[in-house]
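To start, the structure under review is shown below, and the notes come after it.
The values are calculated or read from the model by the stated rules, or taken from the named source; none is laboratory data. On a predicted model such as this, the values are computed, not experimentally measured, just so you know. Cβ placement follows ideal geometry from the backbone for every residue including glycine, while neighbour counts extend to all protein chains displayed.
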Amino acid sequence: MAGRRVVSGAVDRKPAAAPARSARSVRSTESSPKRSGQSDPGEFVDVRRLQGEDLVAKTLNQTRGQLGVVTRPKVVDFRARLKERRKATARVILLRAVVITAALAAVAALVWLLFFSPVFRLETGGIQVSGGNEWVSEEQIMQIAGKQTGKSLLLVSSDDVIDQLDDIPGVTEAKVSKQFPNRLRVTVRAQRPAAMLRASDGSMTAVDSKGRVLNSVWNVSVEGIPVVDVGDVDQGLSDQAVHETLSILGRLDESIRQRISSVSAQTQDSITTVLDGGNYTIVWGDSSDLKLKKAVVDKIINDPNVIGDKHQVDVSAPLRPIIK
């Protein structure tokens, strides 16, 4: 009996300890209250206690203005945006068209100013001619230069004018200079006739060093111009010996030309001139090395110690002149 009581007493003490642990658990729970909507692992979850997201409040917070006033959310109107884009595109196209039109107008105005306006237009009064003589008239020169009138000075071809002037018999050199905005200066070097061709009937024809016939513009003296006797002028101008003679006579210094009494040319390499009424005879040969030949002749006939009492100088071979 006593043993049963002991066991029974032990059994009775065990249930008394359980409430103590439960009380500690309750105190622990009360001392750290759970946050709303949270639960311990393994604990039963009550869906009704879960917190939900308030979408309305969130939307109101997002749309609240700076002053706290709720504003309406921005709504994109795609039709309006399309219209705006079209207007912007139209403005860009219009601006480009204006720029292109202005550029074309500027180019057109510049072209008109440079090529068609009176500012650069060459008129007859703006052409200045000089260098003519009694054999090459300034009227001939002006007639050629005058073909350029009415043009812009920028379109005047100086080379074209020079080529035409060089074709005038007696013109040995021509220069054309433009003086902007609308003036042209033409200068020529006109030679006297290289010789006078005397035909069998006694008629005289003036020709230049290239064999071109010169027309006298008024009655001029032919004194001091060498005379070459030819049977016929046209035949003489086609003769190579006559051409060589004219080439030599046209390149001689005026001091020698004035002393020439007569000229003969049996062949193209036997051109001979008589000076001072027959006092000196110069055999030139052909027109080659003429610069050297002129220097040799000038040295010999102007130095009494060299020419002595001789009267003929042959410079057909200028490095070995022959004095007779």
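Would you say I282 is buried (at least 18 other Cβ atoms within 10 Å of the Cβ), under 59 Å from the mean Cα position of the chain (by Cα) and at pLDDT below 95? Please lay out each step first, then the result.
Numbers: buried (at least 18 other Cβ atoms within 10 Å of the Cβ): yes; under 59 Å from the mean Cα position of the chain (by Cα): yes; at pLDDT below 95: no.
No, not satisfied.
Would you mind stating whether V156 is more than 30 Å from D232 (Cβ to Cβ), of a type outside the set (D, E), surrounded by 14 or more Cβ atoms within 10 Å (Cβ to Cβ) and in contact with a Gly (Cβ under 7 Å, 6 or more places away or on another chain)? Step through it out loud before you land on a result.
On the way: more than 30 Å from D232 (Cβ to Cβ): yes; of a type outside the set (D, E): yes; surrounded by 14 or more Cβ atoms within 10 Å (Cβ to Cβ): yes; in contact with a Gly (Cβ under 7 Å, 6 or more places away or on another chain): no.
Here the answer is no, as V156 does not meet what is asked.
Residues are listed down the side, and each one gets a yes or a no for (1) exposed (fewer than 15 other Cβ atoms within 10 Å of the Cβ); (2) free of Cβ contacts under 8 Å to residues at least 40 places away in the same chain; (3) under 19 Å from R192 (Cβ atoms); (4) of a type in the set (K, R):
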{"site": "Q258", "(1), (2), (3), (4)": "yes, yes, yes, no"}
{"site": "T267", "(1), (2), (3), (4)": "yes, yes, no, no"}
{"site": "K294", "(1), (2), (3), (4)": "no, no, yes, yes"}
{"site": "I301", "(1), (2), (3), (4)": "no, yes, no, no"}
Legend entry - Residue ranges of helices (runs of 4 or more DSSP H) in segment 214-322 with at least 1 members under 25 Å from V171 (Cβ atoms) and touching a His at 6+ places or on another chain (Cβ under 9 Å): 233-237
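Quick grid of which residues meet (1) without any contact (Cβ under 8 Å) to a residue 40 or more places away in the chain; (2) within 27 Å of L275 (Cβ to Cβ):
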residue	(1), (2)
Q140	yes, no
Q148	yes, no
S152	yes, no
D159	yes, no
K175	yes, no
L184	no, no
P193	no, yes
R198	yes, yes
A206	no, yes
